[in-house]
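The structure appears right after this line, and notes come after that.
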Amino acid sequence: MSTITPGRMTARHAGPVTVFLIGVRLNRLHRIDKWLPVVRAMPPMIAELSARPESGFLDAETMLRGPRTLVMVQYWRDFESLESYARDRQQRHWPAWTAFNKAIGNGGAVGIFHETYVVTAHQHETIYVNMPAFGLGKVSGMWPATGSREAARSRMSGEAESE
């Protein structure tokens, strides 16, 4: 079990970050033969990326949205690193993507999506209350979120300091 950090914390991360949301929706639950290979493809990719710090991959969090949709939030150093991995035919993503297109195509049994956000320095803000290290806080460490509860603007501008 993860250790809970009591109180209000914020991530130490102050630089740019690329946030990549990727998910799978199980449109036809009875077609396990179609969606299980898609779901199983992600953990080996994350293991591959985690073993290579130079890849630019920082970390990921997985979430369940209702009974049919899994969403993974990935944090990357920059968009170029994400794109490089996605297009590298020697890494696990390319064959998984090719297999998905061949097996699933427009069949409708399983859906996938992704969204990419490139966030410049001081254009992100984080708060964690009574949480284990999570998201950017897990990537960069956390420190107390000081000031008023309305201090989001100062944290986004880089003006907030730890005590």
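The values are calculated or read from the model by the stated rules, or taken from the named source; none is laboratory data. For clarity, every value in this text was computed on a predicted model and none was experimentally measured. Please note: Cβ atoms are built from the backbone with ideal geometry, for glycine as well, and neighbour counts cover all protein chains shown.
Being more than 13 Å from VAL17 (Cβ to Cβ), at pLDDT below 95 and touching a strand residue (DSSP E or B) at 6+ places or on another chain (Cβ under 9 Å), is that true of even one residue in the stretch 67-87?
So far as the stretch 67-87 goes, yes, one or more of its residues are more than 13 Å from VAL17 (Cβ to Cβ), at pLDDT below 95 and touching a strand residue (DSSP E or B) at 6+ places or on another chain (Cβ under 9 Å).
Looking at (1) loosely packed, with under 14 Cβ neighbours inside 10 Å; (2) touching a Leu at 6+ places or on another chain (Cβ under 9 Å); (3) part of a helix (DSSP H, G or I); (4) not charged (D, E, K, R), which one does PRO43 not meet, given that it meets all the others?
Of everything listed in (1) loosely packed, with under 14 Cβ neighbours inside 10 Å; (2) touching a Leu at 6+ places or on another chain (Cβ under 9 Å); (3) part of a helix (DSSP H, G or I); (4) not charged (D, E, K, R), PRO43 misses just condition (2).
Where in the stretch 48-148 are the helices (runs of 4 or more DSSP H), entirely inside, with at least 2 residues that are exposed (fewer than 14 other Cβ atoms within 10 Å of the Cβ)? I'd like the intermediate steps shown before the answer.
Values: elements: 79-87, 93-103, 135-140.
Fully inside the stretch 48-148 and qualifying: 79-87, 93-103.
Out of everything in the stretch 107-163 that is among the hydroxyl-bearing types (Ser, Thr, Tyr) and over 22 Å from GLY56 (Cβ atoms), what residue ends up being modelled with the lowest pLDDT? Quick ask: steps written out before the conclusion?
The initial filter retains those residues of the stretch 107-163 that are among the hydroxyl-bearing types (Ser, Thr, Tyr), namely 116-117, 120, 126, 128, 140, 146, 148, 154, 157, 162.
Imposing the further condition that a residue be over 22 Å from GLY56 (Cβ atoms) reduces the set to 128, 146, 148, 154, 157, 162.
Numbers: TYR128: 96, THR146: 80, SER148: 66, SER154: 72, SER157: 68, SER162: 43.
In this case the residue turns out to be SER162.
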